1. Restricting to region 1-45, what's the tally of residues that are within 21 Å of K139 (Cα to Cα), in a helix (DSSP H, G or I) and open to solvent by 70 Å² or more (accessible area, probe 1.4 Å)?
2. Could you tell me whether any residue of region 82-96 is more than 30 Å from T148 (Cα to Cα) and either in a loop (DSSP other than H, G, I, E, B) or small (G, A, S) (or both)?
3. So, of the residues in region 1-54 that are modelled with pLDDT of 90 or more and among the hydroxyl-bearing types (S, T, Y), which turns out to be nearest to the chain's Cα centre (by Cα)?
4. Contact list please: Cβ distance under 7 Å, first residue in region 63-75 and assigned by the TED database to the domain that holds P19, second residue open to solvent by 40 Å² or more (accessible area, probe 1.4 Å) and assigned to a helix (DSSP H, G or I), pairs at least six apart or on different chains.
5. Anything in region 107-152 that is open to solvent by 60 Å² or more (accessible area, probe 1.4 Å) and of a type in the set (F, W, Y)? List them, or say none.
6. Mind checking which residues of region 97-156 are among the aromatic types (F, W, Y) and touching a helix residue (DSSP H, G or I) at 6+ places or on another chain (Cβ under 6 Å)?
Amino acid sequence: MTLSEEATDRLADVVELQPTKNAELQERWDMDSGSEVHQYLENELGDYYFRDDNSLIRATAEAADLVDVEPGIESDPDADGIPSKIRVPELQAQIVAVLAAPDERSESVVSVLHNLRDEYDVDPDAEDVRSGLQSLRRKGVVEVEYRTVPTFRLAVERDDLEVAVAE
């Protein structure tokens with residue numbers, strides 16, 4: 001099956017962002033709904049993606065070979081699937097840099113937002129920080145602890161994780 005240029009570009013997004021959700025692709029592809037993303041995936045990329053046990057979208061090995069993009073997540077085979085390298089948007093890379101370490105007390109979204117403002121002189125929306133934390137959670141590098149509000153901390157040691165900013 002030959003892919004159009006648009007389909008190849010979007011397949012590269014799936015490879016880069018995996019594991020991902022319809023909403024993340026909807027934003028990246030400037031679509032109106034998650035249903036539109038689902039239809040596109042089924043009609044144009046059906047042979048190149050699958051949904052894992054958690055219904056997250058992942059690219060097939062063949063898809064990764066077709067596009068010249070590094071996967072969004074790489075794991076050390078000796079580390080029980082724990083990610084050793086991730087490629088993420090700049091905000092998510094900044095979140096990893098300021099988020100509590102695995103042995104520290106987990107932090108709320110608001111706390112992470114204040115840390116980002118202090119460290120990087122940026123002012124993202126709280127929803128963007130929440131979304132970034134959830135994306136990092138899906139990648140296995142952030143864990144959530146439920147207290148009065150959900151709180152987050154790194155699931156891996158910062159020194160054991162290579163973070164690259166995706167273009």
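The values are calculated or read from the model by the stated rules, or taken from the named source; none is laboratory data. Quantities reported herein were computed from a predicted structural model and do not represent experimental measurements. Virtual Cβ from ideal backbone geometry, glycine too; neighbours counted across all protein chains shown. What goes into the accessible areas is simple: the full protein's heavy atoms, side chains included, and nothing from ligands, DNA or RNA. Shrake-Rupley method; radii C 1.70, N 1.55, O 1.52, S 1.80 Å.
1. Our first condition is that a residue be within 21 Å of K139 (Cα to Cα); within region 1-45, this holds for 10-29, 34, 37-38, 41.
Still in the list and also in a helix (DSSP H, G or I): 10-17, 22-29, 34, 37-38, 41.
With the extra rule that they be open to solvent by 70 Å² or more (accessible area, probe 1.4 Å), the set shrinks to 27-28, 38.
Counting residues in region 1-45 that are within 21 Å of K139 (Cα to Cα), in a helix (DSSP H, G or I) and open to solvent by 70 Å² or more (accessible area, probe 1.4 Å) gives 3.
2. The answer is yes; a qualifying residue exists.
3. That would be Y49.
4. Within 7 Å, the pairs are V67/T8.
5. Y120, Y146
6. Within region 97-156, Y120, F152 qualify.
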